[in-house]
Amino acid sequence: FYSRRKDITIKQAEEGLVDILRQSVRDHMISDVPVGFLLSGGVDSTALLSLAVEETGKKFKSFTVGFEGERFADERPYARLAAGRFGTEHYEMSITPMEFADFLPKYVWHMEEPICEPPGVALYYVSKLAKDHVKVLISGEGGDEAFAGYESYRNLVWLEKIKGVTGPLRHVGGHVVSSISKMTALRKFSRYGQLMSMEFNDYYFSKASSPLTFFNKNAKSVFNPKLFNSEVESRDFDKYRKSLFPKIENLHLLDKMLYLDTKTWLPDDLLLKADKMTMANSIELRVPLLDHIVLEYAASLPADFKLNGCTTKYILKKSLERRVPHEILNRKKTGFPVPYEQWLSKELNVYVHDLLLDERTISRGYFQRDVIARLLDANSKQPFYSKEIFLLVALELWHRCFIDQPVA
């Protein structure tokens, strides 16, 4: 682990971070083929573009993808703002629900694993758009994992503080939060109430997983009981996860989460998706915010420089105030908001119903048909289970691609 900069001031940290980012961007711009930028409309990709223009004085090409409809968050206006500010030759596109569904078999083929990364579909399409113009794309992937950009980091830090203050009463508080969160508008907070009675080491699997995620909690009711071996007490992943905790026992809670995610979520999900979807179009994706010099610097900073009160990614935003348009710097984080939840619930409801309840699918004996039917019905009313349905779709398509018809 990297030595902590205990006496560093915010001002010094800002200046040091800008220098580090400049160096990383310079290194990642080295290429004998055209380099472009994948603009998400967020802080990270905009910052990298600003530094690249500042360092090289070149005019770059930039690319983004969006989605039509009032229900959806559209990144394109913010990407256009960044492109206009830094003078890029900008290209953009949108994809429809049917284009999303049509690509799913190829998504599984390229991923080679049944992974739940719907943004990977959008990444494929936008890198396909870029392939006629550039051979290398710069992306802002990794900024959230290096500098604590996810709301879940903030929420869990505050949850653990509340648990420390309430002591024995935390179980009562957990019941209160769980009860309140049964209201539809507050549903996403239900898991925090349940975590009140659990220890961090027992519930934090990664950013995307905990004992309370749907399949971890309901696996035996969804899948065929014959698939489970009661004598197996621990899975390989859980053994690996637990092996990491002794290395981080003295770290701040935030740094524990960031470390665990760099060991699990990043290599096994986020970067796997990013690499395979871009390489499917013969595009090399580069991620300057995950350069070792950036990660080492971020890991050395005090936790409250990254999460300051309720402000996520604090030091990164502070250091970029003069480089990133304030409309982007201060906007609510949306990530890469592919509206698959609504699509699987509405426009693609028949598609997933026909696939998952198809006789060919059910005959494998993996799923409990009645449970899947109820899950699909519930999701058609409120898109609460779209992530789980996407995973089931990916698993079935993976089986059809690699088991039913093995690739030579």
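The values are calculated or read from the model by the stated rules, or taken from the named source; none is laboratory data. All values derive from a computational prediction rather than experimental measurement. Using ideal geometry, Cβ is built from the backbone for each residue, glycine included, and neighbour counts are taken over all protein chains shown. The protein model used for the area step is the full one, side chains on, heavy atoms only, and it has no ligands, DNA or RNA in it. Shrake-Rupley method; radii C 1.70, N 1.55, O 1.52, S 1.80 Å.
A few remarks follow.
- FRET E, pair Ser94, Ala208, Förster distance 35 Å, beta-carbon r, rounded to 0.05: 0.85
- Length released on extending from Lys135 to Lys381, taking residue separation times 0.36 nm less the Cα-Cα span: 84.2 nm
- Centroid-to-centroid separation of region 376-408 and region 123-149 [C-alpha atoms, Å]: 26 Å
- If R0 is taken as 22 Å, the Cβ-Cβ distance between Thr311 and Phe245 corresponds to a FRET efficiency of 0.20.
- Full extension of the chain segment joining Trp109 with Ile293 gains 62.8 nm, where the gain is 0.36 nm per residue of separation less the Cα-Cα distance.
- Annotation: extensible slack from Ile8 through Asn155 equals 50.3 nm (criterion: 0.36 nm per residue apart, minus Cα-Cα distance).
- The Asn201 and Gln405 beta-carbon pair, evaluated with R₀ = 25 Å, returns a calculated FRET efficiency of approximately 0.05.
- Protection proxy ranking of 377-386, 45-54, 309-318, 282-291 - average other beta-carbon atoms within 10 Å, highest first: 45-54, 282-291, 309-318, 377-386
- Ranked by the mean number of other Cβ atoms within 10 Å of their residues, highest first, the peptides 191-200, 96-105 fall in the order 191-200, 96-105.
- Over the chain, accessible surface divided per residue gives 48 Å², non-protein components excluded, 1.4 Å probe.
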